[in-house]
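Read the structure below first, then the notes.
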Amino acid sequence: MKILLTLPKNVDQIKSGGIVRSKRKYPPIEFLYLGTILSENHTVKVIDGNAENIKLDKIKKNIERYGPEWVVISSEAWDFWGCPFPYGGQLSWEIGAFAKENNAKTIFIGPYASLTPQDYLHKFDFIVQNDPEIAVQKIIEGKTKERIVRFPVDLNMLPIPDFDLLPLKAYKQNEYPGLSLNNFFVLSGSRGCPFPCIFCLNPILQGKKYRLRDPSKVIEEIEILMEKGIRSFFFQDSIFTLNKKWAQTICSEIINKGLEINWGIQTRTDFTRKDLIKSMAKAGCKFYSLGVEHIDPSIQRVIKKIQPIGQVLKTIKMVLNEGIGCGVNLMMNFPGETLRTLMKNAKFRAWCDKFGIGGGIKPVIPFPGTELHKMQKFPNSIDAVTIEAGRYNKRPFYLFYNMYKRYFDMMSALHLKDSYEIVFDHRSNLSTPKSL
């Protein structure tokens, strides 16, 4: 059978809010493993509308020409599953409807399918929650009669992917200093997150059980991509350093094999160890992204993600001392947020900027399925009149369209002239600022 795997092009802008959608072009790695599995018995084609700038009408023409019996649609590439874009579902619907008109069966995968599958049953023939690889295979091969399918995978059972399924030269990044802009690819060696953060989708989409892919398979994928000219990688794992032994093995293999690559990761400060950072630096790690979210202890307790400021600063210092670029991601407008807590976070963001520490401060989004979403109420929100979205955020961010408009109110607090005019001594060491 002919099978088409497709991803719609990102919408560039929400007109009413003027919030620009990130234009990064990362590979939909969920299609890699899935496409490779399906290719054993079927003819598979992948259309990455986002990376190749293929608009909706052209995707439809491809469906007409290719004539697939099955069309699998993902609303987001893997890197945005944990923070999906509001229009992704709408574009996916249009592709699904057109595919049906052309006598194809449709399967919807991705964050929307996983979070609220019942909302999409009238749009698609089948819905897959969470891991798509085995579930899609079972649907296409007629091994399940259910319309909503969930089938967790053993990451070590996934094949080494056929990277030629994707347009490798189309993938680029411009977010991580030290990583190449071109010849770039995303890797994922683990899935799942055992932590209870009230705002995060990862435990919902990937499960609370932390699953690891054998380091030898991860290294083999790197070597294959190197043969294809790729030298720069970002590990999309939620917490790359959660299992120190696993992360250390990855580093040791890169070093022992003499793989000349540059790469980045994301993690938490409480799973950062000095000896591991040294190994990562030696293995070519160039960017270390930290999910700090908020530095005020009262907010940390509310969101169930406690990382004391001393621990945060210690981690930053260890990373920078090894010559690795560092990023700190912060969020705002959690329940209990006040002008005092917001400004505390804003001052810390300004301090990070003084030392060239990347990242930004973004409004939290209460995604369906999270504890935050169930709370419903957001007390102590700040009322304000004007906003200057993105002024203090180096990278574009996005919000749910026509939802939670008070986020715009919170952004307006950052418009206060004095918010970020915090002067720290450029010669100071990385120690806790007295103003915090």
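The values are calculated or read from the model by the stated rules, or taken from the named source; none is laboratory data. All values reported here derive from a predicted model rather than from experimental measurement. Every residue, glycine as well, gets a Cβ built from its backbone with ideal geometry; the counts of neighbours run over all protein chains shown.
Would you mention how many residues in the stretch 173-189 are over 18 Å from G110 (Cβ atoms), in a strand (DSSP E or B) and either within 13 Å of the chain's Cα centre (by Cα) or not assigned by TED's automatic domain parsing to the domain that holds E293 (or both)?
1
Any residue at all in the stretch 266-277 that's over 30 Å from L342 (Cβ atoms) and either outside any helix (DSSP H, G or I) or among the basic types (K, R) (or both)?
yes
So, S289, is that one in the same structural domain as Q311 (by TED's automatic domain parsing) and under 22 Å from the mean Cα position of the chain (by Cα) or not?
Criteria met by S289.
Specify which of the listed residues (E69, E94) is of a type in the set (D, E, K, R) and closer than 30 Å to I224 by Cβ.
Unique residue meeting the criteria: E69.
Is there any pair with a first residue in the stretch 257-272 that is under 12 Å from G284 (Cα atoms) and a second that is among the hydrophobic types (A, V, I, L, M, F, W, C) whose Cβ atoms are under 6 Å apart and which are 6 or more apart or on different chains, and what are they?
Pairs that qualify, where the first residue is under 12 Å from G284 (Cα atoms) and the partner is among the hydrophobic types (A, V, I, L, M, F, W, C), are N262/L179; W263/F233; W263/C285; G264/L179; G264/F234; G264/F287; I265/F235; I265/F240.
Suppose we keep only residues that are touching an Asp or Glu at 6+ places or on another chain (Cβ under 8 Å) and of a type outside the set (D, E, K, R) within the stretch 268-296. Which one would you say is nearest to E221 (Cα to Cα)?
G284
Scanning for something buried (at least 16 other Cβ atoms within 10 Å of the Cβ) and within 20 Å of N243 (Cβ to Cβ), does the stretch 171-180 turn up at least one residue?
no
Going by the structure shown, is K257 more than 21 Å from the chain's Cα centre (by Cα), among the basic types (K, R) and within 24 Å of V186 (Cβ to Cβ)?
Taking the combined requirement at face value, the residue satisfies it.
Based on what the data block shows, is D154 in contact (Cβ under 8 Å) with a residue 12 or more places away in the chain and touching a helix residue (DSSP H, G or I) at 6+ places or on another chain (Cβ under 6 Å)?
In short, no.
Search the stretch 106-138 for residues being in a helix (DSSP H, G or I), hydrophobic (A, V, I, L, M, F, W, C) and buried (at least 24 other Cβ atoms within 10 Å of the Cβ), and hand back the single one that is nearest to the chain's Cα centre (by Cα).
This residue is A113.
Would you please name the residue that is modelled with the highest pLDDT, looking only at residues in the stretch 347-399 that are assigned to a helix (DSSP H, G or I) and closer than 22 Å to I204 by Cα?
E371
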